[in-house]
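Input: a single structure, listed below in structure tokens.
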Amino acid sequence: MSLTIRRLHDIHGEFVRIAPNHITIASPTCFKQISTTKEFEKGEFYDAFVAGLSKHRDLFTTRQNSLHSQRKRIHANAWSMTSVLEMEKYLDELIGLFMHKMGKLADQNELMDLGVWMWRYAYDVIGELFFGQSYGFLEQERDIDNLMATTGMVAPFMGMLGMAPTWFKPFMMWMLAVPSIARGVRNMEGAKEAGQRKVADRIRKIEGGQQTREDMLGKLLNYVWDKGEKVDWTVQDVEQECFVATVAGNDTVAITLTSMLYHLSAHPSSLARLQSEIDQATANGSLSSTISYKEAASLPYLSAVISEGFRIHPLFGYPVPRIVPKGGAEVGGRWWPAGTALGASYGTMEKSKDVFGDDVDSWRPERWLVEKERAARMWDEVGAFGIGQRACLGQHIARAEMMKIIPQFLREFIIEAASPWQCLERWFNKPQNARVKVTRRNRL
């Protein structure tokens, strides 16, 4: 859908009406306005994703900005980069396992499906950081409890349900009779129950005096005991945020990592430049044998690769809306009546020739090697994690798992694209058949 919307913007300009009351916008300035102005609130699209485990909505689906700010203040510290890096050693253990698996693929001359392996990695990260134990996707090399299949089946349906007009949503319930969707919904409920059991088990251990490690679940539970009654933060809220992280924090990271690594595999000169940077930093002692986030973040070309990976492949296929407030508002030099849904067209903003140059459809990380102020402005145009108070709460987890695995992987292995990838455009623009050949490097 994002490609279609981009073509429509090329024809019709900054605004495109895709439904009677839904307008897509191509201007980053307009995107910033509707994303950071408190009067513009989320639309009913988000209602389709409500988990329903607490009397409160999770932050992603909370539509009122004032309520979102209030609830976010309760547990925002747990999601900070400082908090994430307190758990960095668990990421290191997972990446070590990943490297072992890649060595086996290389030695056995087997192709690597980037989408599958990055999804396994992302799911196991959530398990480690939230529940104190990985799910076992990497270790067992399979879909544990059908979580990957469940997300793949349910997410497109929920996205369509969110985008559908209010009057049409009841008629979409027939889709629940489709066996794959019905199975996915049942599995999603099973995932909720499994998460609730993990939370209950952790509480029993803590109340029983058992030693537990510091992770996201422990941090969120501490808020219950320290200030829960005062701020209305309950165990049910913890269950809900953990569930949302489980289903929302894996596919998005996996898609973006797949984009980055596949484009590197298809552009040998870019891969060689990144590996040269990694090798030089290793030789001069800037990178440890187990690369830390801080060390990886100091590599300028790696940062450029990650930014370009976000830009070249828009994650979201749908222009999710903000609602024009009471009294109407001027956006992009035009007046819009109250209740109008305005949604950013991510695949259009990220391909702006005015911002990124004429080669917007080409992979070129070098475009990001500019002064910091300009790079920051360019990043705002991409909008990968959103901006302002509504920016993705899990972005620091995502940044850490991406920034760490890429240099660790590519220091030891060469990847070569083995087949053209395809893209399944739904709620997410999901790469398909992104297969690469993995070869051990002969580093001297």
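Throughout, read-outs are computed from the coordinates displayed, never taken from laboratory work. From a predicted model like this one, the values you see are computed outputs, not experimental measurements. Quick reminder, even Gly has a Cβ in these numbers, built from the backbone with ideal geometry, and neighbours come from all protein chains shown.
Couple of notes before you dig in:
- Segment ASN77..MET172, full-extension length gain: 30.3 nm, with 0.36 nm per residue of separation and the alpha-carbon distance subtracted.
- Between VAL370 and THR29, the modelled labels are 1.7 nm apart [label points 7 Å from Cα along Cα→Cβ].
- GNM top mover of VAL247, VAL370, VAL238 - the chain, alpha-carbon springs below 10 Å: VAL370
- Prolate/oblate/rounded call for segment 44-200, Cα gyration tensor, a/c under 1.5 rounded: oblate
- Charge sum, other residues only, whose C-beta stays under 15 Å from ASP226's C-beta, Lys/Arg counted +1 and Asp/Glu -1: 0
- FRET efficiency, 1/(1 + (r/R0)^6) with R0 22 Å, evaluated for ALA272 and MET99 via beta carbons: 0.60
- With each label modelled as a point 7 angstrom along the Cα→C-beta vector, the GLU139-ARG440 pair spans 2.5 nm.
- If the convex hull is drawn through the Cα atoms of segment 192-274, its volume per residue in Å³: 139 Å³
- Choice from GLN422, GLN432, GLN408 showing the highest fluctuation, given a GNM over the chain with Cα pairs closer than 10 Å: GLN422
- Residues ILE25, ILE414, sorted so that the one with the fewest Cβ neighbours within 10 Å comes first: ILE414, ILE25
- Values (1) 23.1, 69; (2) 21.9, 67; (3) 24.8, 90 are given for comparison; Rg and Dmax of the Cα atoms in Å, derived from the coordinates here, is the one labelled (2).
- Evaluated over segment 359-444, the Cα radius of gyration and Dmax, each in Å: 16.4, 48
- Cα centroids of segment 157-225 and segment 114-140: 17 Å apart.
- Once divided by 2.2 N^0.38 Å, the Cα radius of gyration of segment 53-124 becomes 1.67.
- Highest mobility in the GNM of the chain, judged by mean-square fluctuation with C-alpha springs under 10 Å and restricted to ALA191, ALA106, ALA177, is found for ALA177.
- Spatial separation of Cα centroids for segment 246-317 and segment 346-379, in angstrom: 17 Å
- Taking amide H positions as modeled 1.01 Å from N, with prolines and chain starts lacking one, the residues under 5 Å from CYS423 and 5 or more places away or on another chain are GLN432.
- Between ASP380 and LYS326, the simple label model (points 7 Å from Cα in the Cβ direction) yields a spacing of 3.0 nm.
- The calculated FRET efficiency for GLU207 paired with ASP92, based on their beta-carbon distance and R0 = 25 Å, is about 0.25.
- Only helical runs count toward this figure. For the chain, summing -39,500 (n - 2.57) over DSSP H runs of n ≥ 4 and dividing by all residues gives -17000 deg cm²/dmol at 222 nm.
- If R0 is taken as 22 Å, the Cβ-Cβ distance between GLU193 and MET160 corresponds to a FRET efficiency of 0.30.
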